[in-house]
Amino acid sequence: DTAVSQTPKYLVTQMGNDKSIKCEQNLGHDTMYWYKQDSKKFLKIMFSYNNKELIINETVPNRFSPKSPDKAHLNLHINSLELGDSAVYFCASSRASGQGIDTQYFGPGTRLTVL
Amino acid sequence: GEDVEQSLFLSVREGDSSVINCTYTDSSSTYLYWYKQEPGAGLQLLTYIFSNMDMKQDQRLTVLLNKKDKHLSLRIADTQTGDSAIYFCAEPSRYNFNKFYFGSGTKLNVKP
């Protein structure tokens, strides 16, 4: 029944490692997103894909690489992890590609801690 | 655009009304949104308002929009302890409706 799911929920790793976070939505939406929420709860968009195509690519270090194998999945791979990458990462999805009301549905988040 | 502002904290007693305020920057926004984030969870859409409306009421929630001042507010009547959460306002980018700018979030604490 889960609409937007993410794995893992918690991720603790050492600096310099490479890690991936997975996201899946079963809502039939065309558009998916990755957001980063820092320790002050500030939420900022990182990437968005529409039907496997990248449509939003914010100023994010190129150590972060999203991959969308199909429109129901959007994964986030992070190379050479740094302390500043510690945050909660949220996946979201929405139906439309830019017109009118477009509710974004969020996953439960992945708390990444880099030691 | 990017400067969506909210006050960081609000504390109320159970049964009182809560008013959470937000200022946004893009007068061309067609929709403005309120999201709620409970501890340890993702954001859930609470309500939204279309820019040609001044007010929208949905049970205990009232959204007021002042387009001239670019001011949005969320009023929660009869606030309950279960309303304790962080509330975010959001506006879409004028250039890309998919790109939302979120406020910093207002942490609402409801005391019994």
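FYI, it's all coordinate maths here, none of it is from the lab. Computed from a predicted structure; not experimentally measured. Don't worry about glycine lacking a Cβ; one is built from the backbone with ideal geometry, like all the others, and counts go over all protein chains shown.
Can you tally the net charge around A:Thr13? Count Lys and Arg as +1, Asp and Glu as -1, for every other residue whose Cβ sits under 12 Å from the Cβ of A:Thr13.
Numbers: positive: A:Lys19, A:Arg111; negative: A:Asp18, A:Glu82, A:Asp85.
Value of the local net charge: -1.
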Note to self: Could you check the spin-label model distance between B:Asp78 and A:Ile101? Points 7 Å from the Cα along Cα→Cβ, value in nm.
What the structure shows: 2.4
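Just add up the charged neighbours of A:Phe90: K/R +1, D/E -1, any other residue whose Cβ is under 11 Å from the Cβ of A:Phe90. Please report the intermediate quantities before stating the final value.
Working: positive: A:Lys36, A:Lys44, A:Arg111; negative: none.
Local charge sum for A:Phe90: +3.
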Next item on the list: Name all residues of the stretch B:21-61 having a backbone nitrogen under 13 Å from the label point set 7 Å from the Cα of B:Arg94 along its Cα→Cβ direction, giving them as ranges.
Entry: B:25-30
Item checked: Förster-model FRET efficiency, 30 Å R0, A:Asp70 and A:Ser39, C-beta, rounded to 0.05 -> 0.35
Notebook entry, point to check: Counting Lys +1, Arg +1, Asp -1, Glu -1, what net charge surrounds A:Pro61 among other residues with beta carbon under 9 Å of its beta carbon?
Noted result: -1
Checklist line | the stretch B:70-95 versus the stretch A:1-77: alpha-carbon centroid distance in Å | finding: 24
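Compare the peptides A:68-78, B:60-70 by average per-residue count of other Cβ atoms within 10 angstrom and give them in order, highest first.
Numbers: A:68-78: 17.6, B:60-70: 15.0.
Answer by packing, highest mean first, reads A:68-78, B:60-70.
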Margin query: Let me confirm one metric for peptide B:45-54, namely the mean number of other chain beta-carbon atoms within 10 Å of its residues' beta-carbons.
Written below: 1
